[in-house]
Amino acid sequence: MFGRSVVWVLVGLAVLALAWFVYREIKRNARVEALIPEIVPVSAKNWTVWLSEARACAASGKWRDAVHLAYWAGISFLEAGGAWRPDQARTPREYLKLMPANSDLGPALSTLTRQLEVTWYGYHPAGPESFTEALAHLEKLGCRE
C-alpha cells in the first residue's frame, strides 16, 4: 500500500511539472508574438506620408529611394480610393494587373511601375529627372498635394 502511494505521488508530481512547463512555454511564446510587428497593407500609411518621405529623400539626394517611396505613394493613393482590396503581399506587377484595362489611370501606373522596377530592382541610376518624372505620373493618378 505504501509503495502504491509513492507511485501516485510521483505521477502527480510529473503531471504538475509537465503542466508548469507547458504554461511557461505558452507565456514565453505569447511575449515573442507580441514583439513581432504585424504586417500592414500599404494604405495603412497615408499616401501623403509616403509622398512627404519621398520628397525628403529627394531633398537629400537619395533619388533611388525617392522614386521608390513615390511609387508607394501612388499605390497607397489608389488603394485608399478603393481601386483594390488591401493586401500586403502584392508585387508591383500584381498591382498593375489589378488595374482595369480600360482605366485612364493604367498608363500612368504602368509607367510608374516600370520606373520603379528599373531604378529600385534594376539598380539603374536615378537622378532629379527620375523623381520629377515619378511626380508627374503621380499627378496623372490624382496624387496632388
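The values are calculated or read from the model by the stated rules, or taken from the named source; none is laboratory data. Since we're looking at a predicted model, the values are computed, not measured. Cβ placement follows ideal geometry from the backbone for every residue including glycine, while neighbour counts extend to all protein chains displayed.
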Query raised in the report: Which members of segment 103-145 meet the condition of being surrounded by 19 or more Cβ atoms within 10 Å (Cβ to Cβ) and either of a type in the set (S, T, N, Q) or at positive phi (or both)?
Result: Thr113, Gln115, Thr119, Ser130
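Tell me whether segment 99-111 contains one or more residues that are closer than 18 Å to Ala58 by Cα and either at pLDDT 90 or above or not acidic (Asp, Glu) (or both). Let's see the steps before the verdict.
Taking segment 99-111 first, the residues closer than 18 Å to Ala58 by Cα are none.
No.
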Query raised in the report: What pairs can you find where one residue is in segment 33-60 and within 19 Å of Ala136 (Cβ to Cβ), the other is modelled with pLDDT of 90 or more and among the polar types (S, T, N, Q), and their Cβ atoms are less than 8 Å apart, with a gap of 6+ or different chains?
Result: Trp47/Ser76; Trp50/Ser76
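Return the residues of segment 16-69 that are in a loop (DSSP other than H, G, I, E, B) and at pLDDT below 85; say none if nothing qualifies.
Filtering segment 16-69 down to residues in a loop (DSSP other than H, G, I, E, B) leaves 36-41, 45-46, 60-62.
Within segment 16-69, Ile36, Pro37, Glu38, Ile39, Val40, Pro41 qualify.
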